1. Going by the conditions given, is A157 at pLDDT below 95 and either touching a helix residue (DSSP H, G or I) at 6+ places or on another chain (Cβ under 9 Å) or farther than 27 Å from V37 by Cβ (or both)?
2. From A126, A130, A151, grab the single residue that is at pLDDT below 95, surrounded by 20 or more Cβ atoms within 10 Å (Cβ to Cβ) and of a type in the set (G, A, S).
3. Surrounded by fewer than 18 Cβ atoms within 10 Å (Cβ to Cβ) and over 24 Å from D185 (Cα atoms) - does that describe any residue in the range 86-97?
4. Please go through the range 111-123 and give me each residue that is at pLDDT below 95 and either in contact with a helix residue (DSSP H, G or I) (Cβ under 6 Å, 6 or more places away or on another chain) or β-branched (V, I, T) (or both), ordered by number.
5. Identify, by number, the condition in (1) buried (at least 23 other Cβ atoms within 10 Å of the Cβ); (2) in contact with a Pro (Cβ under 9 Å, 6 or more places away or on another chain) that E118 doesn't meet.
6. Kindly list, by first and then second residue, each pair from a residue in the range 105-119 that is within 20 Å of R189 (Cβ to Cβ) to a residue that is of a type in the set (K, R) and not in a helix (DSSP H, G or I), limited to pairs with Cβ atoms under 7 Å and residues at least 6 apart or on different chains.
7. L79: in contact with a Pro (Cβ under 7 Å, 6 or more places away or on another chain), at pLDDT 95 or above, on the phi < 0 side of the Ramachandran plot and of a type in the set (A, V, I, L, M), yes or no?
Amino acid sequence: MNGKYSNTLPAMVLALGLALSGAAMGQVGETGRTYSVVAPPPCTNNKGETVRFIDSGGARAGLAAGMARRDGHGEPVVLRSNYAAAPPEFQSFIDRHECAHHQTGDVDRPHPVRNGPEHLMNESIADCIAILRLRDENGYDREAFDRIAAAIRNDMAKIGFPEISISSRTSNIENCFAKKRAPQDLIDRVLKKRGLLRQ
């Protein structure tokens, strides 16, 4: 989730941003289960800058979340919160979702209206890039995808998202997972449309 979207649920990661942006299955508070925190992936933003991942402690109790932003020195970072609450596959998804906000230039663009069409499109694009990277770079198969989808579904439901929003998000991720498209191709297409593609 873009730092400018910090009040949006990490991972709409729930970024995701989760995050969006950006969320966790096996919540610490409910099951007592914790997971080892995975190593972050390589990430370079659309300007060629290396993105640093920082474990920032807790955010919302029991929810793993990420936030893409620039730090106080203007450096691109992803803040990782409560990652031990999420299964490894979902931690990896959040990382790549947040990285995608840097890769597509979201972090340096004007803040779109929260939950407006542009914001939701940014989150959908970040989800798509994340699942494509996991499929192509990490060999994620259908079983790993199903675990990620279950984690997203579980957390979005706990936070109170309506079923239509949950189904729409997981359907988008599933459609991306099935496409024969390379993640960099999608990133380049987005950057070109935004006038940000470096030659």
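The values are calculated or read from the model by the stated rules, or taken from the named source; none is laboratory data. Only a predicted model underlies this, so the values are computations on that prediction, with no experimental measurement involved. All Cβ positions, even for glycine, are placed from backbone atoms using ideal geometry, and neighbour counts span all protein chains on display.
1. It is true that A157 is at pLDDT below 95 and either touching a helix residue (DSSP H, G or I) at 6+ places or on another chain (Cβ under 9 Å) or farther than 27 Å from V37 by Cβ (or both).
2. Result: A151 is the single residue among A126, A130, A151 that is at pLDDT below 95, surrounded by 20 or more Cβ atoms within 10 Å (Cβ to Cβ) and of a type in the set (G, A, S).
3. Yes - at least one qualifying residue is present in the range 86-97.
4. If the condition is that a residue be at pLDDT below 95 and either in contact with a helix residue (DSSP H, G or I) (Cβ under 6 Å, 6 or more places away or on another chain) or β-branched (V, I, T) (or both), then H111, P112, V113 are the ones that fit.
5. E118 satisfies every listed condition except (1).
6. G105/R194; V107/R69; V107/R70
7. For L79, the condition - in contact with a Pro (Cβ under 7 Å, 6 or more places away or on another chain), at pLDDT 95 or above, on the phi < 0 side of the Ramachandran plot and of a type in the set (A, V, I, L, M) - is not met.
Matching residues to (1) within 21 Å of K47 (Cβ to Cβ); (2) part of a helix (DSSP H, G or I); (3) of a type outside the set (S, T, Y); (4) out of contact with any Gly (no Cβ under 9 Å at 6 or more places or on another chain):
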| residue | (1), (2), (3), (4) |
| --- | --- |
| E98 | yes, yes, yes, no |
| E123 | no, yes, yes, no |
| A130 | yes, yes, yes, yes |
| R135 | no, yes, yes, yes |
